[in-house]
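Encoded as structure tokens, here's the structure I'll be asking about.
The values are calculated or read from the model by the stated rules, or taken from the named source; none is laboratory data. Quick caveat, the model's predicted, so the values are computed rather than measured. Keep in mind that these areas ignore ligands, DNA and RNA; they rest on the heavy atoms of the full protein, side chains included. Shrake-Rupley method; radii C 1.70, N 1.55, O 1.52, S 1.80 Å.
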Amino acid sequence: MAAAERRDDLGIEDGDDDDIDENELRRQEEAYQRQYENEQTWDQLQEDEHGNLFVDKTAEQRARRQRLLSAAQSARIRKGMIRYVLLVVDLSRAAAAQDLRPNRLGCMLSLCRSFVREFFDQNPLSQLGIAVMRGGLVEKLTDLSGSPEAQVARLDAGKLGAPAGDASLQNALDLGCSLLKQLPPYGHRELLLLFAALASCDPGNVMDSVKACKDNHIRVSVVGVAAEVYVCRRITEDTGGTYGVALNEAHLEQLLMAHSPPPPATAAQAKAELVRMGFPQRSTEEASSAVFVGQEARLLPGSYTCPRCRSRVPELPVECHTCGLTLISSPHLARSYHHLFPVPPYHEDSKERAEEAATAQAQQPAMRNEVMTSTGAYCFGCLREVSEPGVKGQLHLTLRCGQCKQVFCFECDAYVHESLHNCPGCEFLGPG
């Protein structure tokens, strides 16, 4: 858009040019471009062989599959099922910028709430805590715990207050080191920083804090919101973490959600170690069975009883406040194993794979009655009609399992690899 047109949109008259700072005009121009850079939906319009227009979503779906493929490629890498993560959110004055919608603070808190729920869904045996940087200091909001709702309740913009002051990386590292260094060595200690500023106001040498984190085997990762900062890159390289800078809201969500699966274990953490755990029994939900629960002695019904010391705890997973035994349930343990045995990635279907699958399926037992479709192909998961491979004007991706040779649509592929963690076709055929 030309500068004259932008002046008209901003309500600037020709005689007021001398009163407008050029840097401010350039900043508004860049913000305008960032706001509408992803709204050019006409680029997705394609024309099929009959001259009809359709929306091509295959490119977007291929981009979303990259996360599934990267997770499958790291299947043979040893990972830890027990993680202790401290999430530090930047609430300095840089969080009040308007380059993200609705602003940096609102966007970061919304994504943090989604990240907390996704983290506990991917890591049911892990614990997470939250801290904020503001005014050159770091404030701990929540202790390390396994309750997602307790963490999400504190991530409210109205309760946190307005952004103010500077950010301090050194204070954040010192707080993370003091909280994580006393945790058991079998757990993965991680510090995740959501950094919005371009500078750090530290009381001393930040590299001393980096060395302390490295000596205590704390992995520091940074997700940048503004631009790349050298000290953040140096911190992540020295501690074995990752560093990424978001380009827009969607990219920020992608970078943050990439930290929900467990990272690869280092050489020092790869040795096997037995961990003693307990499986408590749950009491009834009746009001007459209410007892004093937890370290705070709250009167609650429906608590869990520690099998070692018979103390009552309100939720699982948790560490017993009396004897220190880790208390979990069997579903928590079962849900942690999908990182060790992930479903192999499906391959994008083609005519060659379809012919090979037809030969293999002729020797297999019939799974269900055939579904009549106009194309002759359907998704094995949802029975929805899918396009034949290699046809011009394909609306959606079609994928095929390399073992059972069944076809799946893109939505079922994402559901199988992200939530179900079992291939329906392979489960029908059995281990043989």
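Compute the orientation-averaged projected area for the stretch 281-340 from the convex hull of its Cα atoms and round it to one decimal in nm².
Answer in nm², one decimal: 4.5.
If amide H atoms are built 1.01 Å from N in the plane of the peptide, which residues on other chains or at least 5 residues away come under 5 Å of the amide H of Arg219?
Amide H neighbours of Arg219, under 5 Å, 5+ apart: Arg189, Glu190, Leu191.
Right, another one. Which ³J(HN,Hα) values, rounded to whole Hz and listed in residue order, are derived for the stretch 197-202 from phi using the Karplus coefficients 6.51, -1.76 and 1.60 in 6.51 cos²θ - 1.76 cosθ + 1.60 with θ = phi - 60°, glycine and proline given as x?
Listing the rounded values in order: 8, 10, 8, 10, 9, 10 Hz.
Then there's this: Could you pull out every residue, at least 5 positions away or on a different chain, whose amide H is within less than 5 Å of the one on Tyr378? Hs are placed 1.01 Å off N in the peptide plane, and Pro or chain starts have none.
Val386
Could you derive backbone 3J(HN,Hα) for the stretch 138-147 from the dihedral phi with the Karplus parameters 6.51, -1.76 and 1.60 (θ = phi - 60°), listing whole Hz in sequence and x where the residue is Gly or Pro?
3J(HN,Hα) across the stretch 138-147, in whole Hz: 10, 10, 7, 7, 9, 7, 5, 8, x, 9.
Right, another one. Can you give the accessible area of Asp215 in Å² (nearest 10), computed on protein heavy atoms with a 1.4 Å probe?
Counting only protein heavy atoms, Asp215 exposes about 90 Å² to solvent.
Taking H placed 1.01 Å from N in the peptide plane, check which residues at least 5 places from Gln406 or on another chain put their amide H under 5 Å from its amide H.
Here the answer is Cys401, since their amide H atoms fall under 5 Å of that of Gln406.
If His259, His321 are ordered by their accessible area, calculated over protein heavy atoms with a 1.4 Å probe, which sequence runs from highest to lowest?
Largest accessible area first, the list is His321, His259.
With every protein chain left in place, what is the accessible area per residue of the stretch 281-340 in square angstrom, probe 1.4 Å? Write down the numbers at each step before the final one.
Numbers: 3500 Å² over 60 residues.
Result: 58 Å² per residue.
Roughly how many Å² is the accessible area per residue of the stretch 78-258, as a whole number, for a 1.4 Å probe?
Here the per-residue accessible area is 39 Å².
Now a separate question. Once the whole set of protein chains is in place, how much accessible area is left on Arg134, using a 1.4 Å probe, in Å² to the nearest 10?
About 60 Å², rounded to the nearest 10.
For the stretch 281-340, what's the relative contact order in percent, using C-alpha pairs closer than 8 Å and at least 6 residues apart?
Computed value for the stretch 281-340: 23 percent relative contact order.
OK, next. At 1.4 Å probe size, with no ligands or nucleic acids counted, give the accessible surface of Arg335 in Å², nearest ten.
The accessible area of Arg335 comes to roughly 90 Å².
Gap in Å between the Cα centre of the stretch 299-317 and the Cα centre of the stretch 91-127?
31 Å
Which order do Glu319, Glu355 take when ranked by solvent-accessible area (1.4 Å probe, heavy atoms of all protein chains), largest first?
Sorted by accessible area, descending: Glu355, Glu319.
Would you list Thr305, Thr242 from the most to the least accessible area, probe 1.4 Å? Please list the in-between numbers first.
Numbers: Thr305 20, Thr242 60 Å².
Descending order: Thr242, Thr305.
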